[in-house]
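Let me begin by presenting the structure, written as structure tokens, before commenting on it.
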Amino acid sequence: MELFDGMPAPVRKAWQRSLTTGRAAMTRRRLLRAGGLAVGGAALTACGIPPAQTGTGGEDPRVKDLSAKERTLTFSNWPLYVDVVESGKNKGKRPTLMAFEKRTGIKVRYSEDVNDNNEFYSKIKPQLAAGHDTGRDLVCLSDWMAGRLIRHGWAQRLDPANMTNAVTNLENRFRAAPHDPGRQYSYPWAGTAAVVAYNIKATGGRKVTSTEQLLTDPKLKGRVSLLTEMHDTMGLIMLGMGVDSASFTDDDFDAAVDAVQRAVDRKQIRSFTGNDYMDGLNRGDIAACVAWAGDIVQLGFDNPNIRFHLPDTGYLFGTDDMLVPARAKHRANAEAFIDHYYQPKVAAELAAWVNYICPVTGAREAMADIDEELADNPLIFPDEDMIKKGRVFRPLSEKEEERYEGQFARLIGA
């Protein structure tokens, strides 16, 4: 049986277009397991692990960059997070990646083995902690996990001289990254946005405009879903309570957990999900939810009842970031790869397939030649109003990560 058999057409088409971004990790894992393809793994914390020994500028003096001699690159990314030819003689080929290989002569070993941030971290942590090569020259992780590697000294500092496109074309709002000030170690592959979404047919024509409405509106009782991603769900809930997700306290987080717990106890919340909420939202079983913007773009192509709203209190903005692990042997090749994807035309081709926020200046104009509708979509190229409403989830200490993730796991019954 095909993996997508039995899904309603709009949901199937949305999944087939893209299962993208680190924020969709839980659903990827569920869907892949349903097809017998998932890799098991347990989340591990970083507590008590000493940083790898690094030299000036984040470069390990024991590692020689072999890029000039070995024209190869191993890149670990999320499943279906790059443009793919879906039919014809080139079915399965990755056009933008192939263009990089042709232009540079660097052969890419592309692996879709990042199925969950914590799961992937558990794979590479032993090597990093021991000061060994992970076998990967480039990885793509959600911003908070990228920040963890940077914090432990497990990422190599990038050389801007090798990435003139990236340095020039990175949009200004992506430069101020709390987990990587000045973007010394990482560059965004794509931006993510957690927003409020709803099926206007299921709500009887009523708009859903806030997380407070999700948690308290009796007309939505039993038809609301929240995400299993702690940062996005709790960040958005705290914003709805008037708390800045970039500077919240333990008390603020506790209050947000209590608010969600009350909604759970009243059976206001139907479920906590990855982006398998798409099926329920499409049918109308889920009337409203916290959603990832890229999913809503894709689902909306085939279901005109799907809507989204940016709460007046703000939405949760994040990135999935590329970084070079400590002891990787082909950093310059990785830098060339990052630079390739910061060419506006290439960035537009990628965004046209994944439909998530594009971090590259000039890509919107390039997108107009590919798809004018996508070029005008604020969920891919945010307008001024959307940019102003974006908020980040502040970096967490090791102790805070353990505390907040534990509270959230208990809340959702994980």
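What follows draws every value from the coordinates through simple rules; no lab data is involved. In this text the structure is predicted, and so the values were computed from the model without any measurement. As a convention, Cβ positions derive from the backbone with ideal geometry for all residues, glycine included, and neighbour counts pool all protein chains shown.
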Size of charge dipole - the range 260-300 - debye, nearest 20, with Cβ of Lys, Arg +1 and Asp, Glu -1, no other charges
260
For the range 301-312, 3J(HN,Hα) per residue [Karplus equation, 6.51 cos²θ - 1.76 cosθ + 1.60, θ = phi - 60°, Hz, x = Gly/Pro]:
4, 10, 9, x, 7, 7, 10, 9, 9, 8, x, 4
If amide hydrogens are placed 1.01 Å from N in the peptide plane, which non-local residues have theirs closer than 5 Å to the one on Ala155?
Ala326
Could you tell me which of rounded, prolate or oblate describes the range 233-355, using a ≥ b ≥ c as the square roots of the eigenvalues of the alpha-carbon gyration tensor, with rounded for a/c under 1.5 and, failing that, prolate when a/b is larger than b/c and oblate otherwise?
oblate
Hey, how many Å between the Cα centroid of the range 107-132 and the Cα centroid of the range 226-253?
28
Long-range HN-HN contacts of Thr319 with modeled amide H, under 5 Å
Asp143, Thr192
Relative to the present Cα-Cα distance, how much length would full extension add between Asp254 and Arg151 at 0.36 nm per residue of separation?
34.5 nm
Once label points are set 7 Å from the Cα along Cα→Cβ at both Val264 and Lys91, what is their separation, rounded to one decimal in nm?
4.4
With respect to the cross-link table entries Lys69/Lys107; Lys125/Lys399; Lys345/Lys389; Lys107/Lys329, which display a Cα-Cα separation exceeding 20 Å?
Lys345/Lys389
Normalised by the residues of the range 81-180, what does the relative contact order come to in percent, with Cα pairs under 8 Å and at least six apart?
15
Distant-in-sequence amide H partners of Thr74 (H built 1.01 Å from N, under 5 Å)
Arg109, Asp137, Leu138
With each label point set 7 Å from Cα along the Cα-Cβ vector, what nm distance links Ile370 and Lys64?
4.0
Mean separation of Cα contacts under 8 Å, 6 or more apart, over the residue count of the range 115-264: relative contact order %:
14
